[in-house]
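Working notes, beginning with the structure itself.
The values are calculated or read from the model by the stated rules, or taken from the named source; none is laboratory data. Keep in mind the model is a prediction, meaning the values are calculated, not measured. All Cβ positions, even for glycine, are placed from backbone atoms using ideal geometry, and neighbour counts span all protein chains on display.
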Amino acid sequence: MTYTIAMTNMKGGVGKTTLSVNLAACLAKYHQKRVLLVDLDTQISATLSLMPPADFARLRNDKRTLRHLIQSAITSDPKLPQVVPDAIHKYVCQLKGFDLLPGDIDLYDEFLVSQMLHKTALQKQETDFEHVWNVFEKNLIQKVLVPIANDYDLILLDCAPGYNLITRSALLASRFYLIPARPEPLSLIGIQLLERRINKLKEMHKTDLTQVDLDLLGIAFSLSGNILTSRYYGQVMKRLNEDFSEAKLFKTRIPSDVNVSKAIDSFSPVVLTNPGTAGSKAFVMLAQEVLQKLSTLTRSQALEKKMSLSSLN
């Protein structure tokens, strides 16, 4: 089974990319998982955390970034299944099992999307444009992932802050989503806004026959500065405990660690460059917790499905 997890938050600056990069590396290094990290943020922070700008420029010139795959998905290019594997940057940081699908500073052309949707509506004589949009939104990122999904145990989608087309499509292509956050008031607002929009997204794509299978894996906190002594910390954590069950809050907290930032200079995750630091040890613990949650949720869902089938019989 391949687990696809969208790493997302409405708010930026919460440590999302740092968590995504180090979590992917931990899963590959310490658990021998085959992991693909997909950079869906036009800031391309994940990509530039793992390769020098000159290497990225070469990949972009060779059309081996996500931009060209998304463009092919938009136009329903029949060659897409063949070009997706070629775009993947394998053995990131020479670590077996850790692959990257590089992002791009410009992921799609809005005019091209509008043109394609208009053409589709005319061809199908579709008067319900919302339906045309929903089908496109649901399938966009899924088309890119399908050709290579069986090659990995986990696919982590590093989404951009906010709630754009690519993020919504990434959520619809995922089985779970993980919210990186900081225990601060504005971060709490970002979580609340995201939850409302995801609920609305699931409702929009629900049909009479199917529900959208997208569940919150958990909220993972990165700490910064003297946040633990801040008067806001206790208030925010109290509110989160009221809004979410204990099972939805990761116990592991990622501490403030300058080595995490320094690792970017070597284009490698801190768990590989400096595994003995506090930040690295926390990422290792978080990876273990992620796998435990996935195992627990999978067993629970399988049991629920079995009970549901039994009741029908």
message: When you check Ala28 against the structure, is it assigned to a helix (DSSP H, G or I) and closer than 19 Å to Lys96 by Cβ, yes or no?
response: yes
- prompt: Which residues, counting only those in the range 182-223, are part of a strand (DSSP E or B), within 20 Å of Ile155 (Cα to Cα) and not β-branched (Val, Ile, Thr)?
  reply: Asp215, Leu216, Leu217, Gly218, Ala220
- prompt: Is there a residue being of a type outside the set (Phe, Trp, Tyr), surrounded by fewer than 16 Cβ atoms within 10 Å (Cβ to Cβ), more than 30 Å from Ile254 (Cβ to Cβ) and without any contact (Cβ under 8 Å) to a residue 12 or more places away in the chain anywhere in the range 132-155?
  reply: yes
- request: Could you tell me which of the residues Pro183, Pro161 is surrounded by 17 or more Cβ atoms within 10 Å (Cβ to Cβ) and more than 30 Å from Gly97 (Cβ to Cβ)?
  value: Pro183
- prompt: If you go through the range 54-77 one residue at a time, do you hit one that is without any contact (Cβ under 8 Å) to a residue 60 or more places away in the chain, under 22 Å from Ser266 (Cβ atoms) and acidic (Asp, Glu)?
  reply: yes
- prompt: For Val260, are the conditions met, namely being buried (at least 16 other Cβ atoms within 10 Å of the Cβ), farther than 19 Å from Arg182 by Cα and of a type outside the set (Ser, Thr, Tyr)?
  reply: no
- prompt: Based on what the data block shows, is Pro147 in a loop (DSSP other than H, G, I, E, B) and not polar (S, T, N, Q)?
  reply: no
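Scan the range 84-114 for residues that are under 23 Å from Ala160 (Cβ atoms), of a type outside the set (D, E, K, R) and assigned to a helix (DSSP H, G or I) and jot them down.
Filtering the range 84-114 down to residues under 23 Å from Ala160 (Cβ atoms) leaves 84, 87-89, 92, 98-114.
If we keep only those that are of a type outside the set (D, E, K, R) too, we end up with 84, 87-89, 92, 98, 100-103, 105, 107-108, 111-114.
Answer for the range 84-114, where residues must be under 23 Å from Ala160 (Cβ atoms), of a type outside the set (D, E, K, R) and assigned to a helix (DSSP H, G or I): Val84, Ala87, Val92, Phe111, Leu112, Val113, Ser114.
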query: Inside the range 231-255, can you point out the residues that are polar (S, T, N, Q), surrounded by 16 or more Cβ atoms within 10 Å (Cβ to Cβ) and at pLDDT below 90?
result: none
field: Enumeration of residues in the range 161-187 that are in contact (Cβ under 8 Å) with a residue 60 or more places away in the chain and closer than 23 Å to Thr298 by Cα
entry: Ala170, Leu171, Ala173, Ser174, Arg175, Phe176, Tyr177, Leu178, Ile179, Pro180
task: Collect the residues in the range 58-82 that are under 30 Å from His31 (Cβ atoms) and either over 19 Å from the mean Cα position of the chain (by Cα) or not in a helix (DSSP H, G or I) (or both), keeping them in residue-number order.
output: Leu59, Arg64, Thr65, Pro81
message: Criterion first (among the aliphatic types (A, V, I, L, M) and either in contact with a His (Cβ under 6 Å, 6 or more places away or on another chain) or farther than 19 Å from Ala160 by Cα (or both)) does Val144 satisfy it?
response: no
message: Let me confirm something: among Asp55, Asp39, Asp62, which residue is buried (at least 24 other Cβ atoms within 10 Å of the Cβ) and of a type in the set (Asp, Glu)?
response: Asp39
- prompt: Is it the case that Asp55 is assigned to a strand (DSSP E or B) and either over 22 Å from Gly15 (Cα atoms) or touching a helix residue (DSSP H, G or I) at 6+ places or on another chain (Cβ under 8 Å) (or both)?
  reply: no
